[in-house]
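What follows is a set of notes on a single structure, which appears directly below.
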Amino acid sequence: MHNNIIINFPSNIGDAIMSLPVVEAISGNFAQSEITAIVSPNTKQFLARYNLINNVVLFDKRWNLGKKVKFAFSLRHKYDIFIDLKNTMLPVVAGAKKRTSFIRRFSKEKHKKDTHLSLIKKFCEVKGERKGKFMLSDAEQCEWDKLELKDAIFVCCASRSHIKQYAQKQLKEVIEYLKRNDSVIILGEERDREYYKDIVMLEGVIDLVGKTRMWDIAYLIDKYAKLVLAVDSSILHLSSFLNKPIVALFGPTDPDKFGPWSEKFVVVRNSEVKCSPCEIAVCRYNVECMDIGSGEVIAAVNKIGVSIIEY
């Protein structure tokens, strides 16, 4: 049976990535259906590249009230199933035959990915997954393949929130170790260049800071990563979605809610700091929770079994 299905995605890209298992489950259970995504300016291009999503429609929270109302009524009676991952009144206005509940109760310990999946249990079995991929043109793929990365370790230890960043001195020590045995790729936004300035100068390190878009990163990690070393970030969530081995460095945020979920991962934390995770935006203690010894990180890399040399 054909169904028109619409999914209202979270506005930021990290949360949107943690919502992609919903798309897999819906697509697996309703194989003949058409899936439309309501996207933000931040997520539009990224979600449009995911092949299980047929259409994207833009909603911008900066619109005035009149434009928001017009958008809501433009959805009316067009969709059979409305999955709202943001908990708005849009499903009611749209008049979908089936829609996610407005009243929600979630366990505080539940991972964000599982929170999203719990919303669709009344529509389908979440185990009925259909794997998708991010679409790049042949020319785009060819440009990245020219790097001949083979099996590489991808590093993303900067963050838009500085309290999530790994201490630079320790990161440099970790990279010095990793590059003895593996290709090391540094990922980040252009604004992260100051954070990585000493690290990208190391011999043998490949600098992709500010040179990739999220769908490029999906392609590179999916094809070439033997391991991803990351802090709590959209790249960590993407690596989890792609089921890559991960060493995740956590401090102020809770790995039970936002940590990796791939089959093979290790979470490393500073066990000496008792206030972690605090989940606050401003730290009074000089972000000591992210002062994680380089030896602990290297031990985690060796524990996960992808870069084994004596330390």
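Tabulated data
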{"quantity": "Rounded to 5, percent antiparallel among DSSP beta bridges of the chain", "calculated": "5 percent"}
{"quantity": "Whole-number percent relative contact order across the chain, with pairs defined as alpha carbons under 8 Å at least 6 apart", "calculated": "16 percent"}
{"quantity": "13 Å beta-carbon shell around residue 290, net charge (K/R +1, D/E -1)", "calculated": "-2"}
{"quantity": "Helix-derived mean residue ellipticity, 222 nm - over the chain, DSSP H n ≥ 4, -39500 (n - 2.57), to 500", "calculated": "-8500 deg cm²/dmol"}
{"quantity": "Environment charge of residue 28, counting only residues whose C-beta is closer than 12 Å and scoring Lys/Arg +1, Asp/Glu -1", "calculated": "0"}
{"quantity": "Point-to-point label distance, residue 191-residue 256, nm (Cα→Cβ direction, 7 Å offset)", "calculated": "3.1 nm"}
{"quantity": "Rough spin-label spacing in nm, given labels placed 7 Å along Cα→Cβ, for residue 264 and residue 147", "calculated": "2.1 nm"}
{"quantity": "Using alpha-carbon coordinates, inclination of helix 20-29 to the longest axis of the chain, degrees", "calculated": "50 degrees"}
{"quantity": "For 191, 130, order by how many other beta-carbon atoms lie within 10 Å, fewest first", "calculated": "191, 130"}
{"quantity": "Order by protection proxy (mean Cβ within 10 Å, highest first), peptides 232-243, 263-274, 176-187", "calculated": "232-243, 176-187, 263-274"}
{"quantity": "Ranked list, fewest to most other Cβ atoms within 10 Å of each Cβ, for 175, 298, 17, 280", "calculated": "280, 298, 175, 17"}
{"quantity": "Acute angle (nearest 10 degrees) that the helix 294-304 long axis makes with the longest principal axis of the chain, alpha-carbon atoms", "calculated": "60 degrees"}
{"quantity": "Full-extension gain in nm, residue 103 to residue 173, via 0.36 nm per residue minus C-alpha separation", "calculated": "20.4 nm"}
{"quantity": "Distance (nanometres) between label positions extended 7 Å along Cα→Cβ at residue 77 and residue 223", "calculated": "4.7 nm"}
{"quantity": "Relative exposure of 24, 129, judged by other C-beta atoms within 10 Å (fewest first)", "calculated": "129, 24"}
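We did not get these values from a lab; they are worked out from the coordinates using the rules stated. Everything quoted here is computed from the prediction, not taken from an experiment. Note that we place each Cβ from the backbone using ideal geometry, even for glycine, and neighbour counts take in every protein chain shown.
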